[in-house]
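Encoded as structure tokens, the structure appears first; notes follow it.
Please treat every number below as a calculation from the coordinates, not as lab data. What you are looking at is a predicted structure, and each value in this text was computed from that prediction instead of being measured. Positions of Cβ are generated from backbone atoms using ideal geometry, with glycine treated the same way; all protein chains shown enter the neighbour counts.
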Amino acid sequence: MKLATLRRDGATVAARQEGQDWVVIDGVASVGELVKTQDWQATAAAADGERLPAAEAQLEAVVPTPGKVICVGLNYRSHIQEMGRELPTYPTLFAKFPETLTGPFDDVVAVEEDPELDWEGELVLVVGSEVYRATEEEAASAIAGYTAANDISMRGWQFRSSEWLQGKIWAKSTPLGPVMVTADDFDYQASTLRTRVNGEVMQEHSTGDLVFTPEQLVAYISTMLPLKPGDVVLTGTPGGVGRARDPQVYLKAGDTVEVEIEDIGSMSSRMVEP
């Protein structure tokens, strides 16, 4: 089942994809709010609200206001190697905030403060039930579904210090979507992530190459604090980022960057002047 958050009449609604249409889930403002409700999968499957042609729908970030946005760095062998690092023993974690997220087809500002803007296509998991100090088996059951993100990174600011946060939390810099595919309909071990810049493939890699799997990440993070429905975890990016290229390549106003994950879908962002 594919679910999305649609912009409608100045607000948002959750919807289920059915063929070439979206079926509105009445009374539910977003996918993030949907997964907080009891029996949310049954509610989504049974929804019979207004039908909107997919071609006319405007998509919001699939989870617009998560309580937590936890990100994982250096979680693909290819990316770790291209950045000249050794495989980690434990996940490298940092955070984003809801204000960092934006819709899957929204423009992204090429901020004037940092000319070193880079792409990072990522697989994202959405938490569907509260877990705290979970086993990997419990963690797997707590994953509601999967979506995609582009962790557009301001590299100049990111590497001003040894902490990455300041290069990762710029407002409306992280497209999230286009849909959430429920966990029972998505196999991350059998999917491929691709990132294109102006039509050229920059990243193409199996999402099964994660050093730390989604289940391991949920279990690890939940050791420290509870994860709750609607929280999201960005699982890291594969090799092919602009900073690691020779010569280095960065995004600029006028560029279009696309992130596609097989069985989830594709999103596209145009970089625009401030």
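Values as computed for the structure displayed
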item: Tail weight of P(r) past 18 Å, computed on alpha-carbon pairs of segment 109-185, percent; result: 54 percent
item: Rg/Rh for segment 49-127, where both radii come from Cα atoms and Rh is the Kirkwood radius; result: 1.05
item: Relative contact order %, the chain, counting alpha carbon pairs below 8 Å whose residues are six or more apart; result: 25 percent
item: Inter-centroid distance (Cα atoms) of segment 1-52 relative to segment 82-121, Å; result: 28 Å
item: Spatial separation of Cα centroids for segment 162-215 and segment 217-274, in angstrom; result: 5 Å
item: Order of V24, V108, V179 - criterion: other Cβ atoms within 10 Å of each residue's Cβ, fewest first; result: V24, V108, V179
item: Neighbour-count ranking [beta-carbon atoms within 10 angstrom, fewest first] of M83, M154, M1; result: M83, M1, M154
item: Number of Lys pairs (Cα under 20 Å; 8 or more positions apart or on different chains) in the chain; result: 12
item: Viscosity 0.890 mPa s, 25 °C: Kirkwood-radius Stokes-Einstein D of segment 140-182 over Cα pairs, µm²/s; result: 203 µm²/s
item: Amide hydrogen neighbours beyond the local backbone of M202, cut-off 5 Å, H modeled; result: T195, R196, V197
item: Size of charge dipole - segment 69-272 - debye, nearest 20, with Cβ of Lys, Arg +1 and Asp, Glu -1, no other charges; result: 520 debye
item: Rotationally averaged projected area of segment 180-253 (alpha carbon convex hull; nm²); result: 7.1 nm²
item: Y146, Y90 arranged by Cβ crowding within 10 Å, fewest neighbours leading; result: Y90, Y146
item: Dimensions in Å of segment 2-59 - Rg and Dmax from alpha carbons; result: 10.3, 31
item: Dipole in debye (nearest 20) - segment 2-59, about Cα centre, beta carbon charges: Lys, Arg +1; Asp, Glu -1; result: 200 debye
item: Max mean-square fluctuation residue, GNM over the chain, Cα-Cα springs under 10 Å, options R77, R155, R245; result: R245
item: Interchain or long-range residues, amide H under 5 Å from G145's placed H; result: V126, A183
item: Residue-span extension gain [Q38 to E273] - 0.36 nm each, minus C-alpha spacing; result: 80.2 nm
item: Mean shadow area of segment 87-138, taken as a quarter of the surface of its Cα convex hull (nm²); result: 6.5 nm²
item: For the chain, with +1 on Lys and Arg beta carbons and -1 on Asp and Glu, the positive-most of I152, A140, W22 along the dipole; result: I152
item: Residue-averaged 222 nm ellipticity for the chain, from DSSP H runs of 4+ at -39500 (n - 2.57), nearest 500; result: -3500 deg cm²/dmol
item: Globularity ratio of segment 69-272, using Cα Rg and 2.2 N^0.38 Å; result: 0.95
item: On Cα atoms only, tilt of 214-224 relative to the major axis of the chain in degrees; result: 90 degrees
